[in-house]
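As structure tokens, the structure follows; a few thoughts come after it.
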2 protein chains.
Amino acid sequence: MLTNLGTDRPVFIQLIDEIQMRILSGTYPRGGRIPSVRELASEFKVNPNTMQKALNELERTGLLNSQRTTGKFITENETLIQELRRKTAENEIGFFTERMMKYGYSRQEIFQLLQEFCTQEKEQTD
Amino acid sequence: MLTNLGTDRPVFIQLIDEIQMRILSGTYPRGGRIPSVRELASEFKVNPNTMQKALNELERTGLLNSQRTTGKFITENETLIQELRRKTAENEIGFFTERMMKYGYSRQEIFQLLQEFCTQEKEQTD
DNA sequence: ATCATTGTATTATGTCATTAGTACAATCAG
DNA sequence: CTGATTGTACTAATGACATAATACAATGAT
């Protein structure tokens, strides 16, 4: 029986995603210190080990660097951040359109649907 | 250590996704018989059990129905298919825009980026 | 020096996804 | 009837993910 449809992706992947979004969007500012592993783990209600695993990956890609006892800091490299932001956006667009086309929508249809969606006067609730 | 970044989602979820796309896009025609569990498992190079799990989910949602010894058939219900196709597309758009906005892109920017992407004269290589 | 906080590492445990292998009952072709 | 194919069910083994519970070394504040 299917138990957990919807919790698709592993937690640590979702964490990588979320933290990276905060960095790329500037929620966590360039050069700044991010909350401690334990703090972040607490915020997301996950085990510190899991958070550590996610942050390690962000360090591997150069977005973070650790200073053993003072914390983890976001790269000063603005270019890296902007490059990654652009690339990530491209990727998102690529995945999105690829999937839509697999559902049988043409480029033009995709474009139209998004236009309808984007021009909705929608109240943002968060 | 991170071993399998990129193999994000469980195989059986990807299978649900892929088979459903074939149904919604019409690759597998309405009312028709889909290949046997063992055939599909072979095509996707997965264990029959895993394919079975995926097809069960599609049966649960009403897209497929089984006839014990003759095979699995796609629903005759055109409305169900079109409704699901529409809903799925809406969902894709929702996820896509939500993620893009988390990266700090405005609705207008998203729209523009997609426009650039969709108006590229791109040769499809597959 | 003392103490709290930092990142980091380790071991154990439970759950889930996946594969492998097998089995059975119902249909259809010969 | 015989045999092949269908969906379906079951057990066992393996590996990844996640949590729990520690532990330790380095830094900064007191």
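Placing a label point 7 Å from Cα along the Cα-to-Cβ direction at residue A:44 gives distances to the equivalent points in the other copies of 2.8 nm, listed shortest first.
Where chain A is rotated onto chain B, the residue of A whose Cβ comes nearest the axis, and that gap in whole Å, is A:96, 2. Under the criterion of Cα pairs below 8 Å and six or more residues apart, the relative contact order for chain A equals 22 percent. Taking the C-alpha atoms only, the angle from helix A:107-118 to the longest principal axis of chain A is near 70 degrees.
What the Cα atoms of the protein assembly as shown give is an Rg and a Dmax of 21.1, 66 Å. Measuring r between the beta carbons of residue A:18 and residue B:60 and using R0 = 41 Å, the FRET efficiency lands at 0.85. When all protein chains stay in place and ligands, DNA and RNA are ignored, the 1.4 Å accessible-area order of A:86, B:68, largest first, is B:68, A:86.
In the stretch B:66-96, which GluC sites (Glu not before Pro) are in a loop and have at most 12 other Cβ atoms within 10 Å, using DSSP for the loop call? Don't skip to the answer; put the middle values down first.
Working: sites: B:76, B:78, B:83, B:90, B:92; in loops: B:76.
Passing sites in the stretch B:66-96 are B:76.
Build a GNM of chain A with springs between Cα atoms under 10 Å apart, and of A:34, A:74, A:110 the one that fluctuates most is A:110.
Could you calculate the FRET efficiency of residue B:87 with residue A:67 from 1/(1 + (r/R0)^6), where r is the beta carbon distance between them and R0 is 51 Å, rounded to 0.05?
Values: r = 48 Å, r/R0 = 0.94.
The formula returns an efficiency of 0.60 here.
Which of the three applies to the stretch B:7-58, rounded, prolate or oblate, going by the alpha-carbon gyration tensor with a ≥ b ≥ c and a/c under 1.5 meaning rounded? Taking the square roots of the gyration eigenvalues as a ≥ b ≥ c, the stretch B:7-58 is oblate. Restricting attention to the protein assembly as shown, lysine pairs at least eight places apart or on different chains and with alpha-carbon atoms under 20 angstrom apart total 12. I'd like the orientation of helix A:78-102 relative to chain A: the angle between its Cα long axis and the longest Cα principal axis, in ° from 0 to 90, rounded to 10. Orientation of helix A:78-102: about 40 degrees from the principal axis. Using the rule -39500 (n - 2.57) for each DSSP H run of four or more residues, divided by the residues of chain B, the 222 nm mean residue ellipticity is -19000 deg cm²/dmol. Plainly put, the tip 7 Å out from Cα toward Cβ on residue B:61 is 2.7 nm from that tip on each other copy, the closest given first.
Leaving ligands and nucleic acids out of the surface, order B:95, B:12 by accessible area at 1.4 Å, largest first. Write out the running numbers ahead of the final one.
Details: B:95 125, B:12 25 Å².
In descending accessible area the options line up as B:95, B:12.
Helix A:11-24 and the longest principal axis of the C-alpha atoms of chain A enclose an angle of approximately 90°. One equal scatterer on each Cα of chain B, no solvent, Debye formula: the resulting log10 I(q)/I(0) at q = 0.12, 0.13, 0.14, 0.16 Å⁻¹ is -0.63, -0.72, -0.81, -0.96.
With all protein chains in place and ligands, DNA and RNA left out, the 1.4 Å accessible area ranks B:117, A:44, B:96 as A:44, B:117, B:96, largest first. Distances between copies of residue A:18, taken at a point 7 Å out from Cα along the Cα→Cβ vector and listed shortest first: 3.0 nm. Mind checking which of A:56, A:110, A:31 is farthest towards the positive end of chain A's charge dipole, using Cβ charges of +1 (Lys, Arg) and -1 (Asp, Glu) about the Cα centre? Positive-most Cα among the choices belongs to A:56.
The values are calculated or read from the model by the stated rules, or taken from the named source; none is laboratory data. All figures in this text were calculated on a predicted structure; none of them were measured in a lab. Because the Cβ atoms are built from the backbone with ideal geometry, glycine has one as well, and the counts that use them run over all protein chains shown. Keep in mind that these areas ignore ligands, DNA and RNA; they rest on the heavy atoms of the full protein, side chains included. Shrake-Rupley method; radii C 1.70, N 1.55, O 1.52, S 1.80 Å.
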